[in-house]
1. Check VAL73: other-chain or 5+ apart residues with amide H under 5 Å from its amide H, H built from backbone geometry?
2. Got a sec? How would PHE109, PHE22, PHE16 order by Cβ neighbour count within 10 Å, fewest to most?
3. Where a ≥ b ≥ c are the square roots of the eigenvalues of the C-alpha gyration tensor, would you call the stretch 5-51 rounded, which needs a/c under 1.5, or, failing that, prolate if a/b is larger than b/c, or oblate?
4. Fewest Cβ neighbours within 10 Å first, please rank TYR145, TYR155 accordingly.
5. Which entries of LYS49/LYS97; LYS40/LYS157; LYS130/LYS168; LYS50/LYS72; LYS3/LYS57 show an alpha-carbon separation above 22 angstrom in the structure shown?
6. Taking H as built 1.01 Å from N, whose amide H comes closer than 5 Å to the amide H of LYS49, not counting residues under 5 places away?
7. Percent relative contact order of the chain, based on C-alpha pairs within less than 8 angstrom and at least six residues apart?
8. Along the charge dipole of the chain, Cβ charges K/R +1 and D/E -1, which of THR140, VAL76, LEU191 sits furthest on the positive end?
Amino acid sequence: MSKIVLITGASRGIGFALAQQFIDKGFTVIGTSRTGVLQKSPTDKLIAKKLNLPDPKSRAQLANWLAENEIKVDIVVNNAGIGPDLGGEKPEEESYKATFEVNTTGTVFFTELILPHIKEGGKVINISSKMGSIEACGTTDSVAYRMSKAALNMYTKILTNRLEGTQKVAAIHPGWVRTTISESSSKYAPLSTEESAKGIIEFVMGDFKTGTFWNVEAQEMIGW
Ligand SMILES: NC(=O)c1ccc[n+]([C@@H]2O[C@H](COP(=O)([O-])OP(=O)(O)OC[C@H]3O[C@@H](n4cnc5c(N)ncnc54)[C@H](OP(=O)(O)O)[C@@H]3O)[C@@H](O)[C@H]2O)c1
C-alpha cells in the first residue's frame, strides 16, 4: 500500500506543488482546500477534501472521515496559511484575527484532531516562515503574520516534546516563493512553487532531527 500524506491548502501555491511531487514519488495525497476543489482533478492518488481551518465543524468532518475510513497517514503537512497584513506597517484588528484563525488556532486544533490518525514513525510538518523567527526579526512590518508564525513555531516545539519517540515534527521556511499569498510574492519572489516543494520534500524524506526549524532556501537551520 502506498504511503499517505495529508496536505492542507493544496489547491494552489506551494501546497499544490507539494501534492504533485508527492504523487510523483508514489504517495497517495489527501489535499484540502476550502471548497474541496484542487487545480487537478481527483484520481486514486489524489483525494480532495474540504477544510476551512477556522471552522471547528469543518475540522471535525475531515477527522471523522479519516476515522470512518480507518485511514492512518504517514505525513501531515500543515501548509495552509494566509498573510493579509504582509508588508503592512501596523496591526489591524480584523486581518490580525483572520491570520491567527488560519495560521495558528485553526492549524493547532486541526492538528490535535489529526494526531490519532498519524502512524507511529510518522511526521508532522508545519509550513512556517523565517518571518516568524524572533531571533531573525529586525523590521517592523507584517505584525500579525510574523506573530502567527512565531506562535506556530512554539506549537512545533511543544509537539516535538509531546511526540518524542513516536513521531517527528519540524517547522519549515519554504523560501520566498512566487504565489498569490501577497502581491510582492507573486511579482518578485525568486523561487517557483516547484523549486520550493522539491526542497521541502528532500528535507521531509531525509533523516531530519525532530524539532528542527529548517530554511529550504538556504539549506540550513533557522534560530527560533
Ligand atoms: N509564498 C511565500 O513566499 C511563503 C514564504 C514563507 C512561508 N509561506 C507559507 O507557505 C504556506 C503556503 O503559502 P502559499 O504562498 O503557497 O499561499 P497561497 O498560494 O495563497 O495558498 C494558500 C493555501 O491555503 C489555503 N487556505 C487559505 N485559507 C484557508 C482556510 N481558511 N482554511 C483552509 N485552507 C485555507 C488556500 O486554499 P483555498 O483558498 O482554496 O481554500 C491555499 O491552498 C503558508 O503557510 C505560507 O504562510 C509562504
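Values quoted throughout were computed directly from the atomic coordinates according to the rules given, and no laboratory measurement underlies them. The model shown is predicted, which means the values in this text are computed figures rather than measured ones. In this analysis, Cβ positions are derived from the backbone assuming ideal geometry, glycine residues included, and neighbour counts consider all displayed protein chains.
1. It is ILE118, LYS119, by chain and number.
2. Final ranking by Cβ density, sparse to dense: PHE109, PHE16, PHE22.
3. Prolate.
4. Exposure proxy ranking, most exposed first: TYR155, TYR145.
5. Cα-Cα > 22 Å for LYS49/LYS97; LYS40/LYS157; LYS3/LYS57; rest within.
6. Result for LYS49 returns GLY31, THR32, SER33.
7. Relative contact order, the chain: 19 percent.
8. Of the candidates, VAL76 comes out farthest on the positive side.
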